[in-house]
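The values are calculated or read from the model by the stated rules, or taken from the named source; none is laboratory data. Please read all numbers here as calculations on a predicted model, not as lab measurements. In this analysis, Cβ positions are derived from the backbone assuming ideal geometry, glycine residues included, and neighbour counts consider all displayed protein chains.
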Amino acid sequence: MPVIDKIAWIRVEDGAILSTRSHGRDVYYLPGGKREAGETDLDTLVREIREELSVTVEPGSAAFVGAFEAQAHGHPDGVTVRMRCYTADYRGVLQPAAEIAEMAWLSYADRHRVSPVDQLIFDHLRHEAGLR
């Protein structure tokens, strides 16, 4: 079965996680995206976050959180997304750019508003990062 390879940025502040909603989408996703040919995880993370949120991720501060896999939202049954997640510091002011229509700080109570793989990450963060 097909697997979509993605990298995501986990940013938790005051018990809420930064999430984004793309134009034309009905759910929120963690910021990040698909790897381009030849990119490392950190290359992808830096590029995607700059494109989506107009900030610069500091690669030296990046820490691997985990890999999560679930049914890909909006794709046929059996297509999964594998998300490799990192925390990292950043420079700049967060603001939606490119395909991002909206950014929001979500709590665990908003779990139903995110994609299936993000729901697994919310479950993990509830215990590990104090997601409220």
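Some points to look at:
Yes/no per residue for (1) touching a helix residue (DSSP H, G or I) at 6+ places or on another chain (Cβ under 7 Å); (2) modelled with pLDDT under 95; (3) not in a loop (DSSP other than H, G, I, E, B):
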site	(1), (2), (3)
M1	no, yes, no
K6	no, no, yes
R21	no, no, yes
R25	no, yes, no
A37	no, yes, no
L45	no, no, yes
F68	yes, no, yes
H75	no, yes, no
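- Matching residues, segment 32-90, being among the basic types (K, R) and without any contact (Cβ under 8 Å) to a residue 40 or more places away in the chain: K34, R35, R47, R50
- Residue match in segment 70-83 (condition: among the hydroxyl-bearing types (S, T, Y) and either surrounded by 14 or more Cβ atoms within 10 Å (Cβ to Cβ) or in contact with a Pro (Cβ under 6 Å, 6 or more places away or on another chain) (or both)): yes
- Residue check, E52 in contact with a strand residue (DSSP E or B) (Cβ under 7 Å, 6 or more places away or on another chain), charged (D, E, K, R), in a helix (DSSP H, G or I) and modelled with pLDDT of 95 or more: yes
- The one condition from (1) of a type in the set (A, V, I, L, M, F, W, C); (2) touching a residue at least 60 places away in the same chain (Cβ under 8 Å); (3) closer than 24 Å to D123 by Cα that L94 does not meet is (3).
- Taking the criterion of being closer than 18 Å to C85 by Cα and assigned to a loop (DSSP other than H, G, I, E, B), the residues of segment 8-19 that qualify are I10, R11, G15.
- The set of residues in segment 77-132 that are among the hydroxyl-bearing types (S, T, Y) and part of a strand (DSSP E or B) comprises T80, Y86, T87, Y90.
- Within segment 75-92, tally of residues that are farther than 15 Å from T20 by Cβ and more than 14 Å from the chain's Cα centre (by Cα): 9
- Residues of segment 6-24 that turn out to be of a type outside the set (A, V, I, L, M) and more than 11 Å from the chain's Cα centre (by Cα), as a count: 6
- Meets criteria (touching a His at 6+ places or on another chain (Cβ under 7 Å), in a strand (DSSP E or B), under 22 Å from L125 (Cα atoms) and of a type outside the set (A, V, I, L, M)) for G33: no
- For V93, the criteria (1) exposed (fewer than 14 other Cβ atoms within 10 Å of the Cβ); (2) of a type in the set (A, V, I, L, M, F, W, C); (3) touching a strand residue (DSSP E or B) at 6+ places or on another chain (Cβ under 6 Å) hold in every case but one, which is (3).
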